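The values are calculated or read from the model by the stated rules, or taken from the named source; none is laboratory data. Please read all numbers here as calculations on a predicted model, not as lab measurements. Methodologically, a virtual Cβ is constructed for each residue, glycine included, from the backbone with ideal geometry; neighbour enumeration extends over all protein chains shown. Ligands, DNA and RNA are stripped out before the accessible areas are found, and what is left, the full protein with its side chains, is counted by its heavy atoms. Shrake-Rupley method; radii C 1.70, N 1.55, O 1.52, S 1.80 Å.
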Amino acid sequence: ADRALVAALQTLRFHIADRVCAEAACALLRSMAWVPAHRTAFGRLEGIEMVVRAMTCHAGSAVLQREGCGILHGLSWNPDNKEQIVGNSEANGGLAAIISAMREHRDDAEVQREGCSALSILSYSVDANKTAISQRGGLAVIVGVLL
């Protein structure tokens, strides 16, 4: 994996409790999530789990939620990542983090845009993900964005 990706993930891992540091690491990771080679490395390096953990730790930070949803949006373009993001855990996966971010930050247009985009890509061509998104309240959140 790219050394910059490894360094950014290690920064997030070791400084996850520091909101400012976590926001900065996630801002860097957001741009890296759009590099196809990095998308597969994220999964191997437990990057998805780290991003979800950061989003959970700093649920009140709109900045971190924007970055986190943006990372998960970028990573969703990789089919293997889709499975990791949606996950089996209703409460602890990336899907739950996206939906929670959208609920918590209803007035932040970028959180809503990135969240909707991530949910769209996660649901594309995967019927099980469509069902999971619906069952976990994702459709209600999307409708809320439109109202």
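Test ASP2 against the criterion of being surrounded by fewer than 21 Cβ atoms within 10 Å (Cβ to Cβ) and free of Cβ contacts under 8 Å to residues at least 40 places away in the same chain, and give yes or no. Yes. With respect to (1) surrounded by fewer than 20 Cβ atoms within 10 Å (Cβ to Cβ); (2) under 20 Å from GLN135 (Cβ atoms), the lone exception for MET102 is condition (1).
Contact map, segment 59-78: first residue in contact (Cβ under 8 Å) with a residue 24 or more places away in the chain, second residue aliphatic (A, V, I, L, M) and open to solvent by 30 Å² or more (accessible area, probe 1.4 Å), Cβ cut-off under 7 Å, separation 6 or more or different chains; pairs are GLU67/ALA27. Only helices (runs of 4 or more DSSP H) whose full extent lies in segment 1-80 are considered here, and the ones with at least 2 residues that are modelled with pLDDT of 95 or more, closer than 21 Å to ASN129 by Cα and of a type outside the set (Phe, Trp, Tyr) are 47-57, 62-75. Is there a residue being of a type outside the set (Ser, Thr, Tyr), under 15 Å from ILE121 (Cβ atoms), buried (at least 22 other Cβ atoms within 10 Å of the Cβ) and out of contact with any Phe, Trp or Tyr (no Cβ under 9 Å at 6 or more places or on another chain) anywhere in segment 5-26? No; the residues of segment 5-26 include none that is of a type outside the set (Ser, Thr, Tyr), under 15 Å from ILE121 (Cβ atoms), buried (at least 22 other Cβ atoms within 10 Å of the Cβ) and out of contact with any Phe, Trp or Tyr (no Cβ under 9 Å at 6 or more places or on another chain). Restricting attention to segment 59-89, the residues being closer than 18 Å to GLN112 by Cβ and open to solvent by 20 Å² or more (accessible area, probe 1.4 Å) number 7. Of the conditions (1) closer than 20 Å to ALA4 by Cα; (2) more than 12 Å from the chain's Cα centre (by Cα); (3) not basic (Lys, Arg), GLU83 clears all except one; give me its number. Failing condition for GLU83: (1).
Whenever a residue of segment 12-26 is over 13 Å from GLY60 (Cα atoms), its partners that are crowded, with 23+ Cβ neighbours inside 10 Å and of a type in the set (Val, Ile, Thr), lying with C-beta atoms within less than 9 angstrom and at least six residues away or across chains, give the pairs LEU12/VAL51; CYS26/VAL51; CYS26/ILE71.
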